[in-house]
Amino acid sequence: GPQGLEEVPATSPVWSGGERLGRVGYYWFDALTVQTENPLVKGKGQQWQGTVGDELFEHGIEVNGTYRNYPLRVKVHAGGSTTRIQGTWGSGPVDIRLSPDVLHMRWGVFERKLLRDREAAAEQGCNVYRQMEGVHEMDRIDVCGVALTTRPPLTQLVVSFLANTFRRDPSPFTPPVPSTPVRSPQPDNAAGSNRPATKAR
């Protein structure tokens, strides 16, 4: 039967041949780099280092170290239909669950719960997870390439999820407060993503 999360062949043209192996939200990664605001680069062995004191070590299924000035200690459980990142970051528990239908991210009191939208326009090799309110997209994270496989690269996966944060981006569409009349209705396309999807070169 189908294995785990992977629904696209690994030879999907967008992700093969190019350097990029996967992407979570706006953050892509390859074998040696996680391209976030403060990129992480693979050092010796299983050590990863960033530009602002980030330092992570991979050991078995664990990723430990310091990320964004917080101590990080998580385990990545992959191989089945759900990939789960579980542990602590700073003083808060982290629990990220990626399944074929739901992306659930929780850190302390912060939480994002997004549902897979199979009808949404997506880059090849990507699953689109969104939170809708009526016709408006309130939140969205695309998960692409090897991030969807049953054997994802652990440090890259963990960092690219954490970099997305556990609160949604301020949406281009702000729902009106019910008691206030809406002066200028938003055009339909304003509900879309405010940043274009990046294409692999």
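The values are calculated or read from the model by the stated rules, or taken from the named source; none is laboratory data. What you see is a predicted model; the values in this text were computed from it and never measured. Ideal geometry is used to build each Cβ from the backbone, glycine not excepted, and the neighbour counts take in all protein chains shown.
Overview of results
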| item | result |
| --- | --- |
| Count - residues of region 56-115 that are of a type in the set (V, I, T), outside any strand (DSSP E or B) and under 18 Å from the mean Cα position of the chain (by Cα) | 1 |
| Options E133, E119: the member that is acidic (D, E) and free of Cβ contacts under 8 Å to residues at least 24 places away in the same chain | E119 |
| Any chance R68 is among the basic types (K, R), at pLDDT below 90 and either closer than 12 Å to V159 by Cβ or touching a Gly at 6+ places or on another chain (Cβ under 9 Å) (or both) | no |
| Pair list, Cβ < 7 Å and 6+ apart or interchain, from region 20-32 residues that are at positive phi to residues that are at pLDDT below 95 and crowded, with 23+ Cβ neighbours inside 10 Å | none |
| Residues within region 104-142 that are surrounded by fewer than 19 Cβ atoms within 10 Å (Cβ to Cβ), under 13 Å from F166 (Cα atoms) and not acidic (D, E), tallied | 6 |
| Criterion violated by D101 - all others in (1) modelled with pLDDT of 95 or more; (2) buried (at least 16 other Cβ atoms within 10 Å of the Cβ) satisfied | (2) |
| Residue satisfying all of: in region 50-61; touching a strand residue (DSSP E or B) at 6+ places or on another chain (Cβ under 8 Å) and surrounded by fewer than 17 Cβ atoms within 10 Å (Cβ to Cβ); nearest to S99 (Cα to Cα) among these | I61 |
